[in-house]
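First up is the structure itself, then whatever we jot down about it.
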Amino acid sequence: MQRKVPLELARIPALRELEKRHGETGVDANEIVPMDGEWKYFAEGRAPADQWAASDFDDSGWRQGPALLGFGTDNNITTELPRNGEKEGADDDSWNTFYFRHAFDYTPASEPDVDAGVLSLQITRDDGVVVYLNGERVVVDNMRDADTVAYETFAAEVISTIAVEQQIHEFDVRSNLLKPGRNVFAAEVHQNRPDSSDLHFGMRVEVKQVTAASYFSWLAAHDPASLTETLEDTQRFLPPSLAKQWGDRLEDAFRSGIRE
Ligand SMILES: [Ca+2]
Ligand SMILES: [Ca+2]
């Protein structure tokens, strides 16, 4: 009987390497934010209060709707945002930036922990975006002046044509930023120029973890002779803590050729 192995996969490259070698079957993926999730939004032609991205910010005055949120495109927008308020067409009064918040409860699927994998953020945006998790900036994508993004900052590149606008951009974020209990993603979406006619935002998030169950069941499903990696390869791409915890079990599996 093997003991239950705690999850301590802290290195993002290790998980991605495992996924590359083994496909999704070696990795447990759990959706925590759906692409059509509900978001609070602030579309007022100005920046909200300074702490708007913090998890404890009071967004009770913000409006709310399911993603995708935006205006001016054919890209499956569910929640229409006001473009430029009552000032549509007045370029010098254009609204440059729109703000979003999504709160959710997270219960780790297995003991320890949220320190054991990556968050995969899958984002569609027009034009540029900055994303925060519990107040910490985790993604800056297609923005000018990335270090000093403010309401007035423009996106770097124009996002045009349906094919480009519908692209999903995936980012790995450390999953130890996720806490058991309440969490908040926040995002600000910026236009690339004052008179841009369209804008949208949506984001799906998965927690991806390597677990003993996922890893050893993957091993069990494969003929040892078909494996291209050696025990040493496996120990090298796993993070040291996990390679150590799984040490005997890995050696048994490779030596005996008997998959559990
Ligand atoms: Ca566009
Ligand atoms: Ca735009």
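Coordinate-derived values only; no laboratory data. In this text the structure is predicted, and so the values were computed from the model without any measurement. Cβ atoms come from the backbone with ideal geometry, glycine included; neighbour counts cover every protein chain shown.
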* Pull out the extension gain between ARG193 and ALA47, defined as 0.36 nm times the separation in residues minus the alpha carbon to alpha carbon distance; nm, one decimal. => 50.9 nm
* Which order results if ASP195, ASP252, ASP50, ASP28 are arranged by neighbouring Cβ count within 10 Å, fewest first? -> ASP50, ASP195, ASP252, ASP28
* Structure fact -> Note, ARG63: beta-carbon cut-off 13 Å, +1 each Lys/Arg, -1 each Asp/Glu, net -2
* 22 Å tail of the calculated P(r), the stretch 28-209, as % of Cα pairs -> 42 percent
* Asked: Which length gain, in nm to one decimal place, applies between ALA54 and ILE162 when the Cα-Cα distance is subtracted from 0.36 nm times their residue separation?
  -> 35.6 nm
* Structure fact -> In nm, the gap between the two label points placed 7 Å beyond Cα toward Cβ at ARG63 and GLU170 is 3.4 nm
* Positive minus negative residues near VAL33 (Lys, Arg vs Asp, Glu; Cβ under 13 Å) -> -3
* **Virtual spin-label span in nm between GLU31 and ASP147, 7 Å along Cα→Cβ** => 3.9 nm
